[in-house]
Amino acid sequence: MSNKIKLGVIGDPIDHSLSPLIHAQFGEAAGLEIDYKAFHVIEKDLDSFIESFFSDGGYGLNVTLPHKLNCLHSADILSSEVELLGAANTLSKNSNNQIIASSTDGIGLIRDCSDKNIEISNKRVLILGAGGASQSIIPAIARMKPTKLMVDNRSPNKIEQLLKKFSSLGLQNFRHSNEPIDIVINATSATLSGSFDWNIENQLNEKTLFYDLSYGKASAKFFSWAGQFSKNRFDGTGMLIAQAAFSFQLWFDMFPDISNIKLSNTDE
Ligand code: NDP
């Protein structure tokens, strides 16, 4: 039997996950013998998979779509961020064999913004989208004290749900605003289905900064739309690597060097 430290990511689908590639590089740089695999787990097997993964000596799991919410059933302890979000992307085990659920998406985004000198404090920030990714970054962005934190979504009923969920964070409905926007964060999956367009042109200008949570080729349509207004455009590669690094830190208590990670599949 292998003595390597057993780690993995679970999702459905999972084929295109870059997490094994990223964590292999973290492990190698840290001198740790890790075995990080992508596991295709369907909803009905979720609880039993997590239970047997950890009882068979598994050390840590990342969780991706569609299991970020339901993985909480298997957790004994929820981090305060997970309590707020109702979703997690990292599971670890403590010395009492309890499973702890954490979320590193929000801090991953903040870390990437800091690495790119993107200032959020005192800025008017608009998040497009109200799905899992949008929700997972809202509290972390709110903590950076933007002047305004607004959300817009194709389906307006979900805007109202988000405002309720995060009522303590001062989140606002973008549809009631007519001020210029400093930062637009695309947290939709719109570019997967066609061209990107959002009817907010008169609130954008050449100083507006655009950040797409998607990465690689998936960002092309958002970049092309944003490019009509500004050259300040970033994709979500840095966030992807940083959220993985915070998971690694939860497991091994060390933050890996994220400056030179190779994502040879980024454009796939
Ligand atoms: P969800 O399926 O939970 O949400 C999708 C969102 O996109 C919804 O708000 C939906 O609106 C909106 N949407 C979908 N299609 C369109 C369209 N054609 N026009 C307008 N809006 C649309 O997905 P996630 O929130 O989990 O993921 C969103 C994106 O974030 C993905 O591209 C994902 O890859 C990326 N991501 C990146 C991470 C990173 O580390 N860089 C981490 C997590 C996610 P509606 O409510 O109307 O359906």
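The values are calculated or read from the model by the stated rules, or taken from the named source; none is laboratory data. The structure displayed is predicted, hence computed values, not measured ones. Backbone-built Cβ (ideal geometry, glycine too); neighbour counts: all protein chains shown. Heads up: the accessible areas ignore ligands, DNA and RNA and are worked out on the full protein's heavy atoms, side chains in. Shrake-Rupley method; radii C 1.70, N 1.55, O 1.52, S 1.80 Å.
Before moving on, here are some points about what is shown:
- Ratio of Rg to Rh for the range 51-196: 1.02 [Cα atoms; Kirkwood radius as inverse mean 1/r over pairs].
- Counting 0.36 nm for each residue step from Leu192 to Leu263 and taking away their Cα separation leaves a gain of 23.6 nm.
- Positive contributions from Lys and Arg (+1) and negative ones from Asp and Glu (-1), summed over other residues with Cβ under 15 Å from the Cβ of Ser74, come out at -3.
- When the listed pairs Lys37/Lys158; Lys4/Lys221; Lys44/Lys158; Lys4/Lys217; Lys93/Lys217; Lys123/Lys221 are checked against a 30 Å cut-off, the alpha-carbon distance exceeds it for Lys37/Lys158; Lys4/Lys221; Lys4/Lys217; Lys93/Lys217.
- Cα-based shape type of the range 71-152, given that a ≥ b ≥ c are square roots of the gyration tensor eigenvalues and the cut on a/c is 1.5: prolate
- With the whole protein complex present, Ile77 retains an accessible surface near 60 Å², based on a 1.4 Å probe.
- Percent of beta bridges antiparallel (DSSP, the chain, rounded to nearest 5): 20
- One way to sum up the overall shape of the range 197-245 is the equivalent ellipsoid from its Cα gyration tensor, whose semi-axes run 22, 11, 8 Å, largest first.
- Accessible area of Phe255 in the full protein assembly, 1.4 Å probe (Å², nearest 10): 60
- Full-extension gain in nm, Gln249 to Leu69, via 0.36 nm per residue minus C-alpha separation: 62.6 nm
- Three-way shape label, the chain, alpha-carbon gyration tensor, a/c 1.5: prolate
- Only helices enter the 222 nm calculation for the chain: every DSSP H run of n ≥ 4 contributes -39,500 (n - 2.57), and dividing by all residues gives -9500 deg cm²/dmol, rounded to 500.
- Scaled against the 2.2 N^0.38 Å expected of a compact globular protein of N residues, the Cα radius of gyration of the range 1-126 reads 1.14.
- 1.4 Å probe accessible area per residue over the range 139-201, in Å²: 55
- Measuring nothing but protein heavy atoms, the accessible surface of the chain at 1.4 Å probe radius is 48 percent carbon and sulfur.
- The calculated P(r) of the range 120-268, using every Cα pair and 5 Å bins from 0, goes 2, 9, 18, 20, 20, 16, 9, 5, 1, 0 in percent.
- Dipole check for the range 97-191: with +1 at the C-beta of Lys and Arg, -1 at the C-beta of Asp and Glu, and the Cα centre as origin, the magnitude is about 220 Debye.
- Cβ-placed point charges (K, R +1; D, E -1), dipole of the range 137-182 about Cα centre in debye, nearest 20: 200
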